[in-house]
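Before any comments, here is the structure.
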Amino acid sequence: MSGLDPWRWLREARRAMATLPHLRPMRVPDAPLLPVRDPWPGDAGRGARLLRGASDGHGPAATAWSALGAEASGFSWLRDLRALGTDSARLRARALTSAFIAAHPADPLARRPDLAGARIAAWLGHYDFFAASAEDEFRQRLMTRLLADTRALARDLPAEDMGGRALTALKGLVAAGVALPEPLGFLGRALRFLPAEIGRQMLGDGCHVERSPAAQLRALQDLTEIRALLQGAQVLPPAALAPAIERLAVGLRTLRHGDGGLALFNGAGEGDPALIELVLAQAGRGGRPVATLFEGGFHRLQAGRGLVLLDGGKPAPAGIDRRAHAGTLAFEFSVGRERMIVNCGAAPPGGEWFDAARASAAHSTLVIADTSSAELSPGGLGRRPERVEVERQEASGAHWLAASHDGWWRIFGALHRRRLYLAESGEDLRGEDAVEAASPQPFVIRFHLHPSVTASLQQDGEGVLIRLPGGSFWRLRAEGVRIALDESVYLGGEAPRRAEQVVLTSGVDGPQLVKWAITKVG
């Protein structure tokens, strides 16, 4: 065991034992004893594309494990085939499941606790759709693999190295504990770890510890599913579960724009507003957005139809910062249901856009010397802001916010200070960005525009005219710096889209404080 993490070694040994049924004989049930229902909608269009993959001559493995992506072994795509609802979709689900069972008996990615938990919950949640009417041989192979996966998952816990995704692992174990014979002990093991995992993943203000709206949504989904599973089995839930759901729901509402989608911080895309609304409905209708998530560090400034969301917190701590972005003091601005100023969004790990989307330059904030405010690495963040301070006031419906961070202190001896003012009307957003350093620093201030808006540089070069989809015009102006329109990319939707960004540039000899304003025209 020299050089190995003893706890990781122990988990690997337990997993290996769990996959050897002859060492601990266990009867495989013929079917789930209690029906379990997946509560989330699928996309019939995606389901139809899965069927087209079959008709195009692609084999099951090629379609599932190439076209569906690296995390296909979580089987969330069963929702899409269920949404299609045809016999062909049912047969396709069986074919893809059979291909997985045959081709991935020990794939490390498929064994990952969160994917195993998602897969177990998906198989049980869609059993009536794709397996109940299948031949005995298919159902026996499915239940054999499901039981083996559940045993391995139970021995993998606690999944503390999984960050926010450990709740998905626990959800799978709860689903198995509810649907399979309880003498197996799965439910008791899951409930033993659940309260501690809730405490580890959720800050006191209801913000998820990863500080990502996407992680916030996923955690709320998992916990509402766990609650529904326990209610269906008439099992008393842990005392920590109900207040965790309530606080997470408030945090999620705080991190939404007027269009119902998510703010684009720390690996989040817009998401599906209908799904987000359904998750909140499952969580309970109580609770309203709050002005500040104090521990998470997010601030919400809302006046009239204008809404500013700002990241004013320290990045997620080491160990759960794998997807953290260098976006400290970045903000987004929307008007009603229309987004204007955004961050670029997020891309899957390993993809061509992943590193670029995490950089400070992909956020609507200030960047010194083309250097991100946090050092990006595949495992998370190295150098990072250690001190982030925010003060805010409100009077007569108007909002003031003053913030600073020291992300560049160690390399440039510089602080970034940002001040924002949102007028009572919501139609006048003003800002100041300053660099405080012993020697002047070159910097740019970026305002990434949502791809649905159009922008044009004014002839005097001192402003940019912005038109929202609904027809309203806005002007972004600044003095003493060069203003330019540049290309950008938007990764907040299902596919990358071309976009633009307004860039304010100040050189070493330029001003170290820049004032800017975004105001409605007419």
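Just a few scattered comments:
- For region 73-133, convex hull of alpha carbons as volume per residue, Å³: 68 Å³
- In this structure, Ala395 and Arg200 have a Cβ-Cβ separation that, at R0 = 30 Å, corresponds to a calculated FRET efficiency of about 0.20.
- Sites Val28 and Asp259 - FRET efficiency at Förster radius 41 Å, r taken between beta-carbons, to 0.05: 0.30
- Contour minus Cα-Cα distance for Thr144 and Arg37 (0.36 nm per residue): 36.5 nm
- Neighbour net charge for Arg497 - beta-carbon separation under 13 angstrom, K R +1, D E -1: -2
- With the biggest extent put first, the Cα atoms of region 309-389 measure 37, 33, 26 Å across the principal axes.
- The label-point distance for Ala438 and Gln234, in a model that sets each label 7 Å from Cα toward Cβ, rounds to 7.3 nm.
- Here the chain is treated as a Stokes sphere of Kirkwood radius computed over C-alpha pairs; at 10 °C and 1.306 mPa s its diffusion coefficient rounds to 65 µm²/s.
- Volume per residue of the convex hull around the Cα atoms, evaluated for region 298-521, comes out as 116 Å³.
- Dipole magnitude for the chain: computed about the Cα centre from +1 point charges on Lys and Arg Cβ and -1 point charges on Asp and Glu Cβ, it is near 1120 debye.
- Each label point was placed 7 Å from the Cα along the Cα-to-Cβ direction; for Thr505 and Arg288 their separation is 4.6 nm.
- Net charge, Arg339 excluded, C-beta distance under 10 Å - Lys, Arg +1, Asp, Glu -1: -3
- The chain: angle of helix 166-179 to the longest principal axis, Cα-based, in degrees nearest 10: 30 degrees
- Of the residues Leu252, Pro181, Leu307, the one whose Cα sits farthest toward the positive end of the charge dipole of the chain, with +1 on the Cβ of Lys and Arg and -1 on the Cβ of Asp and Glu, is Pro181.
- The calculated FRET efficiency for the pair Gln512 and Arg337, based on their C-beta separation and a Förster distance of 35 Å, comes to about 0.40.
- Rel. contact order, % - alpha carbon contacts under 8 angstrom, at least six apart, the chain: 9 percent
- For Gly258, neighbours were defined as the other residues whose beta-carbon sits under 9 Å from its Cβ, and their charges (Lys and Arg +1, Asp and Glu -1) total +2.
- Percentage relative contact order, region 298-521, counting C-alpha pairs under 8 Å, at least six apart: 18 percent
- All aspartates and glutamates inside 17 Å of Lys520 as judged from Cα atoms, apart from same-chain residues fewer than 8 positions distant: Glu332, Glu338, Glu424, Glu427, Asp428, Glu462
- Rg and Dmax of region 433-522, based on Cα coordinates, read 14.4, 46 Å.
FYI, it's all coordinate maths here, none of it is from the lab. Keep in mind the model is a prediction, meaning the values are calculated, not measured. Ideal geometry is used to build each Cβ from the backbone, glycine not excepted, and the neighbour counts take in all protein chains shown.
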